[in-house]
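Presented below is the structure to which this report refers.
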Amino acid sequence: MAFQCEPQHTFGYDFCITRCPSIATGVFEQIRVEREADQPAADPRALDIAILDMNHGWPNVGHDAIVMGVQTIACDIREALLASRLRVRAISYDVRRGLVIPPKPASGGIYVGTGGPGHLDPRQNDGLRDGSQGIQEDPAWESSLFALFDAIHTVDRAKIAAALAEEIARQGRRPRLFVEINTGGEAQKAGVLPEAADAFIGECRERYRLTIEGLMCIPPFDEPPAPHFALVQKIARRNGLAALSMGMSADFQSAIAFGATHVRVGSAIFGARR
């Protein structure tokens, strides 16, 4: 079940904004990094969660919800943090404007990304093309950001496959790659259509020399998820793929029954967005 902050439950959401015990006791801190000089010093007593803020200066409810979710958890376990002399830092990095990327610790780290305006491909954000929403962007952050991640679950087009192949050759590291399947054929979602999956997986392997480890899907919100999970499992089996990234807080048990090896349960941990 999700963390339930006792003061929030007792006094209401506004109490967390103005008088949260996690802030008053020093067990939670939010830090905004807009340039390299803002990067906080390493602290062995701090549990750092890096939030990759992709909002390009626009209001971002998703970002604020993540920060509040981390704060809620810190507040909920504040007695344990105080007893252990630990604290939680939610460090927001202004990736797209400030080109600041969190350092990758030797032992790994926790990174949470948030969406933003304009094209997902920064090269399309020239301030003029449809979809750029007036944003002009330097894509220099992409290569550094790539180095942070051990897995990418959203490979769904030749352009992405080519970019991944280029970065893999440049950096000499191979993240675990999953092809995203748009099982519902939804126009608003990314992903390869099921009937095109076999050909795309083959193209990734043969043309781009990518090692595809598994498949990912997010079923339509208003349909039973089980048939979609079964379809992705079938595609994976005939392509010799063992890993399946599917299932969220509301349906992960069904996904596991169909062979899911990775699930996304943010709402079950942080609670529903406000």
Does Leu128 meet the test of being modelled with pLDDT of 85 or more, more than 15 Å from the chain's Cα centre (by Cα), farther than 30 Å from Ala242 by Cα and not small (Gly, Ala, Ser)? no
Yes or no: region 84-94 includes at least one residue that is more than 25 Å from Ala140 (Cα to Cα), in a helix (DSSP H, G or I) and at pLDDT below 90. no
I'd like the full set of residues that are in a helix (DSSP H, G or I), loosely packed, with under 14 Cβ neighbours inside 10 Å and of a type in the set (Gly, Ala, Ser), limited to region 22-71. Ala24, Ala37
Does Lys234 fit the bill of being at pLDDT 95 or above and surrounded by fewer than 17 Cβ atoms within 10 Å (Cβ to Cβ)? yes
Can Ile73 be described as at pLDDT below 90 and touching a Phe, Trp or Tyr at 6+ places or on another chain (Cβ under 6 Å)? yes
Residues that are in contact (Cβ under 8 Å) with a residue 24 or more places away in the chain and more than 19 Å from the chain's Cα centre (by Cα), drawn from region 228-247: His228, Phe229, Ala230, Leu231, Val232, Gln233, Ile235, Arg238, Asn239, Leu241, Ala242
Of the conditions (1) surrounded by 16 or more Cβ atoms within 10 Å (Cβ to Cβ); (2) within 30 Å of Ala147 (Cβ to Cβ), Arg173 fails just one. Which one is it? (1)
Are any residues in region 227-244 touching a helix residue (DSSP H, G or I) at 6+ places or on another chain (Cβ under 7 Å) and not in a helix (DSSP H, G or I), and if so, which ones? Asn239, Leu244
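The values are calculated or read from the model by the stated rules, or taken from the named source; none is laboratory data. Just so it is clear, the model here is predicted, and its values are computed rather than measured. Every residue, glycine among them, receives a Cβ derived from its backbone with ideal geometry; neighbour counts consider all protein chains shown.
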